[in-house]
Amino acid sequence: MALSIGIVGLPNVGKSTLFNALTKAGALAANYPFATIEPNVGVVPVPDARLAELAKIDNPAQIVPATVEFVDIAGLVAGASKGEGLGNQFLANIRETDAICEVVRFFSDPDVVHVDGKVNPSSDVETIKTELILADMATIEKALPRLEKDAKRDKAAAEKLETAKKVLEGLNEGHRARTLNLSDEERAAVYDLHLLTMKPILYVANVDEDQVTADFAEIDGCAPVPISAKIEADLAELDAEEAQMFLEEMGLEESGLARLAREAYALLGLQSYFTSGEKETKAWTIPIGAKAPQAAGVIHSDFERGFIKAETASYEDYVALGGEKGCREAGKLRQEGKEYVVQDGDVMHFKFNV
Ligand SMILES: Nc1nc2c(ncn2[C@@H]2O[C@H](COP(=O)(O)OP(=O)(O)OP(=O)(O)O)[C@@H](O)[C@H]2O)c(=O)[nH]1
Ligand SMILES: [Mg+2]
């Protein structure tokens with residue numbers, strides 16, 4: 001499960017600067033499967049200090065972090081949905097992402113042109129919201145003739161049509177699809193329309209360099225993540241040690257990438273568990289609340305299908321007791337079954353039979 005996130009925002013707000021910094025920083029992280037699928041798609045590792053601690057114990061041939069895929073598209077301007085600018089045609093590139101990261105310009109640099117002539121985060125957020133809503137309305141309107149045709153034949157399709165109309169009405173009133181009062185069934189019914197405003201959204205405030213540790217007012221009910229794309233771009237040029245010193249000078253504990261990855265995990269209700277041995281130490285991404293078989297299925301569907309049990313140690317025990325052997329001897333290696341709810345940081349070893 002590679003988590004994917006589409007980056008949106010007005011033109012010139014720092015989307016590509018941030019994207020390049022993210023992917024470059026990623027490329028520098030040693031020993032992980034970096035991939036640039038297309039120029040505007042970058043796969044970056046999720047920073048997790050626990051991996052290095054586990055690796056100290058198991059000395060694996062490789063360390064494999066979880067990854068997040070970012071998709072960078074051209075800026076959207078007011079009227080994008082009617083064909084203004086290039087933005088709308090690029091929206092198709094982010095239809096299948098899991099979440100949206102909206103970059104909002106807060107930085108003041110007068111040398112960087114703002115499309116509306118002044119820096120105004122809340123009005124910018126409104127503009128993007130409107131364009132995403134309009135794009136979703138167009139998606140539904142385009143799908144309606146097909147949905148109507150299908151609805152005559154089968155009951156599920158008829159329900160899908162009804163839901164699509166309900167969502168269209170909500171969008172028309174200016175609401176994001178995600179904020180509409182829909183049942184789980186209704187959400188599922190319109191899932192394959194891949195509506196942009198149905199996705200969870202993370203706001204990045206691209207702030208002046210001296211504002212990265214400041215608090216910012218909520219945007220649309222959620223606190224933005226302050227990041228300086230400029231700092232991130234500088235950081236991406238440094239090696240790990242220099243980067244650490246630079247962060248400390250700026251009063252920061254971690255890079256924007258680390259913060260962004262963490263916030264994205266929280267937003268999407270995700271967590272990591274680990275597998276670790278001499279071959280590799282690896283982080284796997286699962287939804288919070290996932291049970292052991294579902295967690296196993298992220299590695300391979302056979303693991304889920306033929307799940308027998310999961311030998312499990314907490315991350316803390318694993319590190320404190322020097323790995324699997326120590327945990328076993330101390331009685332800290334638990335045999336967990338199908339109903340076990342996996343905890344963040346669990347170190348797991350699955351037994352299965354197919
Ligand atoms: N001062 C300052 N300038 C920035 C920052 N982030 C980006 N810029 C500058 O803003 C300009 C636009 O940045 P991009 O990253 O290309 O913006 P974009 O959002 O990708 O723009 P489009 O692709 O045209 O939609 C560039 O000149 C950047 O150097 C920042 O944090 N501070
Ligand atoms: Mg760009």
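Derivation of every value follows stated rules applied to the coordinates shown; laboratory data play no part. Just so it is clear, the structure is predicted and the values come from calculations on it, not from any experiment. Backbone-built Cβ (ideal geometry, glycine too); neighbour counts: all protein chains shown.
Per-residue Cβ neighbour counts within 10 Å put Asp111, Asp346, Asp48, Asp302 in the sequence Asp111, Asp302, Asp48, Asp346, beginning with the fewest. Among Asp192, Asp150, sorting on how many other beta-carbon atoms sit within 10 Å of each Cβ, with the fewest leading, yields Asp192, Asp150. Above 17 Å, the calculated P(r) of the range 165-219 contains 49 percent of its Cα-Cα pairs. Given R0 = 22 Å, the distance between the Cβ atoms of His300 and Tyr191 translates into a calculated FRET efficiency of 0.35. Full extension of the chain segment joining Asp184 with Leu238 gains 14.8 nm, where the gain is 0.36 nm per residue of separation less the Cα-Cα distance.
For the range 209-220, the Karplus equation 6.51 cos²θ - 1.76 cosθ + 1.60, evaluated at θ = phi - 60°, returns couplings of 4, 8, 10, 5, 9, 7, 9, 10, 4, 4, 10, 6 Hz by residue, with Gly and Pro reported as x. Counting only lysines at least 8 places from Lys291 when in the same chain, those with an alpha carbon closer than 23 Å to its own are Lys282, Lys309, Lys332, Lys338, Lys351.
Taking a straight line from the alpha carbon of Lys230, these aspartates and glutamates sit under 12 Å away, with near neighbours fewer than eight places off in the same chain left out: Asp109, Asp208, Glu209, Asp210. Both radii are taken from the alpha-carbon atoms of the range 204-354; with Rh as the Kirkwood radius, Rg/Rh is 1.09.
The Cα center of the range 139-166 and the Cα center of the range 310-326 differ in position by 52 Å.
Projected onto its three principal axes, the C-alpha set of the range 182-255 covers 50, 27, 17 Å, listed from the longest axis down.
Over every Cα atom in the chain, the radius of gyration and the widest Cα-Cα span, Dmax, amount to 22.5, 67 Å. For the range 280-293, putting each phi into the Karplus relation 6.51 cos²θ - 1.76 cosθ + 1.60 with θ = phi - 60° gives couplings of 7, 10, 9, 9, 10, 9, 9, x, 4, x, 5, 8, 3, x Hz, in residue order, rounded to whole numbers and with x for Gly and Pro.
Straight-distance candidates among the lysines for linking to Lys142, with alpha-carbon spacing under 22 Å and chain neighbours fewer than 8 residues away dropped: Lys82, Lys129, Lys152, Lys155, Lys160, Lys165, Lys166, Lys199. Springs between Cα atoms under 10 Å define the GNM used for the chain, and in it the highest mean-square fluctuation of Val41, Val115, Val225 occurs at Val115.
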